[in-house]
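The values are calculated or read from the model by the stated rules, or taken from the named source; none is laboratory data. What you see is a predicted model; the values in this text were computed from it and never measured. FYI the Cβ positions are ideal-geometry reconstructions off the backbone, even for glycines, and counts take in every protein chain you see. The accessibility values were calculated without ligands, DNA or RNA, using every heavy atom of the protein model including side chains. Shrake-Rupley method; radii C 1.70, N 1.55, O 1.52, S 1.80 Å.
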Amino acid sequence: MEPITWTGSFGAFLNPLMLAAVVVFFAGVVANFAMNLVGLRAGEVQINPDHTLTINRTPVDYALMAMKYSVLLFLACWALFVIGGLTLPEYEQKGIIGAMGQRFLPVWIALIVMFALSIRFKRKLGLYGKLFDSPIGMVGFGLVMFWMFSAIFADLIITHGPIDVISQMRNEVPGSFLPSPDEGDFPLYILGGDNLGRDVFSRMVMGAREVLKIAPAATLFAFMVGITLGLPAGYFGGRLDTLLTFIANLVLAFPVILLFYLLVTPEIVAAGIPTAMAAVLFLFPIIFFVVLWNSRYHMQPQKRLLYISISLVIGFWLYSGLAFNADPLGIISMPGNILIVFVSVVFVNSPTVFRIVRGIVLDIKTRDYVAAGQTRGEGPWYIMLWEILPNARGPLIVDFCLRIGYTTILLGTLGFFGLGVSPESPDWGSTINEGRRLLTIYPHPALPPALALMSLVLGLNLLADGLREESLKD
Amino acid sequence: MGLFILRRVGVMILTALCLTFVVFFLTNLYPNLEKLAKTQGNARMTDAEVASWIDRNGYGGPMIVRYGEWLGVVPGWTRFDEQTEQWRGRCFERGENPEDAPRFCGILQGDLGFSTVSDDEVSNIIGGRLALTGVLMFWAFAVMVPAALLVGVLAGMREGSRMDRSLSTFAIASTATPEYVSGVIFIVLLASSTAGLSPWLSEMGWIEGRTLFLGSARSAMEDGINIWNFTLPVLTIALYGMGYIARMTRASMAEVMTAQYIRTARLKGVSFRNIVLKHALRNALIAPFTVIMLQFPWLLTGVVIVETLFNYNGFGWTLVQAASNNDIELLLACSIVAVFVVLVTQLISDIGYVFLNPRIRIS
């Protein structure tokens, strides 16, 4: 059977419309730029004597309007394709975009529910709610949550197993039908097959799960390490600061790629280095929480005992499982190759976090409320963790978003060089690496994971930008 | 100032020592040596044979002593091989008389060692590779820095304007596109004979070859660089680094534009063009200078990716080959170069910042 087209039966009238929207948009950009050069400006609001407002529309305004509506038209076309994919019965009619839209149905539902709820209650949700005042932040958040939900619902979305091979489908173009589908099989490869005959679409979706399993957690660990070391370095200063800064600079002076090539090899895993590093790095979250509760409740022994023992029990349970693969209950475990990836990403990221935290602490500790705390006789750790840290949350949250994006890029780099991942793994970096060999002849296997990675990182960056803007407003 | 530079250099040397020791330690771990023995000898060695191979070839003994030998502060090892009845040692060829050889041979004496995979002196290999990468870096910088500064200055001169928003979004998008993504997209768009723009362009008769650009830089090494084979690697490296420099320039420019002296100039009636070009620009470019210098270590990763992606046998490609073939001395030399580049750029950025910024004086 012929492969299905990208746009299906809606394409007949939506394709020209989309093309027109793109043309109008670029014409608007060029016209706007030219008019700016000539010196024309957008119309300004004038206040009339009778308290009414008048805007004189100039050609610039019309160009901007044309650009705005062409973008809306373009997006509306996409929405129609997805709706077509949900309503039309045959895959030939849905088209590739429609078929993809249909597979992502759980994601759409989750996104719509979340956005509706968040916008409805945005005034009660603090910084998170304020995000919905910034269009850039909303776009970024939407992109991030799209991949987040894709990762969560990946089992519902994928059409074939990520490592299932159908050898006749090798390098088939997007929209190709299976040669002899069994009963209950999804009848086509939506985004084509890769060089081994696996489904590109399913691998892309499962890749989201691979990335989002590691990136946020690794960033969180890096923040724990960076905060636990950065707070005292900035607050106490002196020898401790000099030593820690020297070590941080040492790690930062290492070219990341060299470090990965040295650390993420089977021989290093055999030598036990990752376990040793994990043993050190994973201790920091436990220290962080113990100090956090101890400084807060050291006057209330019962509460202190409760919180500290809870943190210690949970902490060491996770610690034994993650670092040594020796969970007494056998629930938590981390395979050696994932552990080394995780540890090296944490190791690379934490010095930067350390520097940021140290810089913020140096700034905040000169504030009056810190002096007031010192005068009240509060201990140094209480001041650091309960006075300074909450006031440093703005820049830290923003950096957290940026750093998840950076971690995603790092994981992609590792996958791209085939370091630390199993060869069958559907993560985006390795899929790009596999696809690049035949890139000029068969571009379709490498392009979807590349665009997916880019959109996720872009979403995180835009989200960080929106958060920064909104947190600076108050 | 002299003392400041001296102290910076001292810290730098200490850092270099620590870093090279870490690299030395990681590459000379026992499992790595075992792998080396098996690739050099034969794959089915017993553990005892491996141990004796390691010892015979000078990889035995305490790590710190061998690090000293490699560095050139401890005399190189010499050993009498009883099977062949010849002297062997670090500083001379097999069979030569150890009396004639120098006692020390390490980095400090300019001896980078011997690449076990290429069967050649490391210094012979790495020089040519570095030159190739130098060319790539030069063009990447020549594209990246002016473009980034232009974008940053245009965005920062009117903060919050439409121009600022669109250019900032572009900068964000470029930082969100790592080399292995933009490279793939560029190749598909511009260098594929079946997809992207090239089939269309060649159908229209606007380009001579089958593709607009070449998706591999292999020919650039032999036939010299030209637009056809070098555009895509340079663009790919430049794009990722550009966004960051542009954002820093924008922030610095926006800060300068709110300064008092700019307001004074505006009130005196200086035209906007003159304010930007004559008053603001020079002060706004101090901060990006540091960022540009610190961009080198980042570019190193980019170079490794781009050289692998475009098959360009420069420094990055050598690093990948050395690491994946467990070529210890070559990898060590690569890391020396990398660490050296990073530290020197840090030093230059520190010193340059002090020179450029008249408000900082170190007595």
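Which value, in square angstrom to the nearest 100, describes the accessible area buried between chains A and B on both sides, using a 1.4 angstrom probe?
Approximately 4100 Å² gets buried when A meets B.
Would you tell me the mean number of C-beta atoms belonging to other protein chains that fall within 10 Å of each C-beta in A:452-462, as a whole number?
The mean count of partner-chain Cβ atoms within 10 Å per residue comes to 4.
Of the heavy-atom accessible surface of the protein assembly as shown (probe 1.4 angstrom), what whole percent is carbon and sulfur?
That share works out to 65 percent.
Specify the longest stretch of chain B that does not include any exposed loop site, a site being one of the GluC sites (Glu not before Pro) with a non-H, G, I, E, B DSSP assignment and at most 14 other Cβ atoms within 10 Å.
Within chain B, the longest run free of exposed GluC sites (Glu not before Pro) spans B:209-363.
Which of the residues in segment B:319-341 show a loss of at least 30 Å² in accessible area from their chain by itself to the complete set of protein chains, at a probe of 1.4 Å?
Relative to the lone chain, where solvent access is computed with a 1.4 Å probe, segment B:319-341 loses at least 30 Å² at B:319, B:320, B:323.
Would you tell me the mean number of C-beta atoms belonging to other protein chains that fall within 10 Å of each C-beta in B:167-180, as a whole number?
6
Could you do me a favour and compute the accessible area per residue for chain B, 1.4 Å probe, result in Å²?
Result: 49 Å² per residue.
Could you give the accessible area per residue of chain A, probe 1.4 Å, as a whole number in Å²?
So chain A comes to 47 Å² accessible per residue, rounded to a whole number.
Using the beta-carbon distance between residue B:38 and residue B:65 and R0 = 41 Å, what value does 1/(1 + (r/R0)^6) give for FRET efficiency, to the nearest 0.05?
FRET efficiency, residue B:38 to residue B:65: 0.95.
Could you work out the relative contact order of chain A? I mean the mean sequence separation of Cα pairs under 8 Å and 6+ apart, divided by the number of residues, in percent.
17
Taking each full run of DSSP H in chain A as one helix, which ones are at least 20 Å long along their axis (Cα atoms) and have mean Kyte-Doolittle hydropathy of at least -0.5?
Span-like helices in chain A: A:11-38, A:59-87, A:105-120, A:135-152, A:200-236, A:238-253, A:283-297, A:301-324, A:336-364, A:393-416, A:447-473.
Over the alpha-carbon set of segment A:215-391, work out the extent along each principal axis and list the three values in angstrom, largest first.
54, 40, 26
Taking Cα centroids, how far is segment B:132-157 from segment A:237-290 in Å?
About 33 Å separates the Cα centre of segment B:132-157 from the one of segment A:237-290.
Round to the nearest 10 and give me the degree value, 0 to 90, for the angle of helix B:315-324's Cα axis relative to the longest principal axis of chain B.
40
Would you tell me the mean number of C-beta atoms belonging to other protein chains that fall within 10 Å of each C-beta in A:405-414, as a whole number?
3
Mind scanning A:213/A:365; A:94/A:130; A:303/A:473; A:122/A:213; A:130/A:365; A:68/B:278 and naming the pairs with a C-alpha gap bigger than 31 Å?
Correct reply: A:213/A:365; A:94/A:130; A:303/A:473; A:68/B:278.
Give the separation of the Cα centroids, segment B:1-40 to segment B:223-257, in Å.
31
Return a whole-number percent for the relative contact order of chain B, with Cα pairs under 8 Å and 6 or more residues apart as the contact set.
20
So which cysteines of the protein assembly as shown have no other cysteine's Cβ under 4.7 Å from theirs?
A:77, A:401, B:18, B:334
Before rounding to the nearest 500, sum -39500 (n - 2.57) across all DSSP H runs of length at least 4 in chain A and divide by the residue total; then give [θ] at 222 nm in deg cm²/dmol.
The per-residue figure over chain A is -23000 deg cm²/dmol.
What FRET efficiency would be calculated for the residue pair residue A:133, residue A:65, taking the C-beta separation as r and a Förster radius of 30 Å, to the nearest 0.05?
It comes to 0.85.
May I ask you to derive the FRET efficiency for residue A:247 and residue A:22 from their Cβ-Cβ distance with R0 = 60 Å, giving the value to the nearest 0.05?
That gives a FRET efficiency of 0.70.
For segment A:76-141 and segment A:46-63, what is the separation of their C-alpha centers, rounded to whole Å?
35
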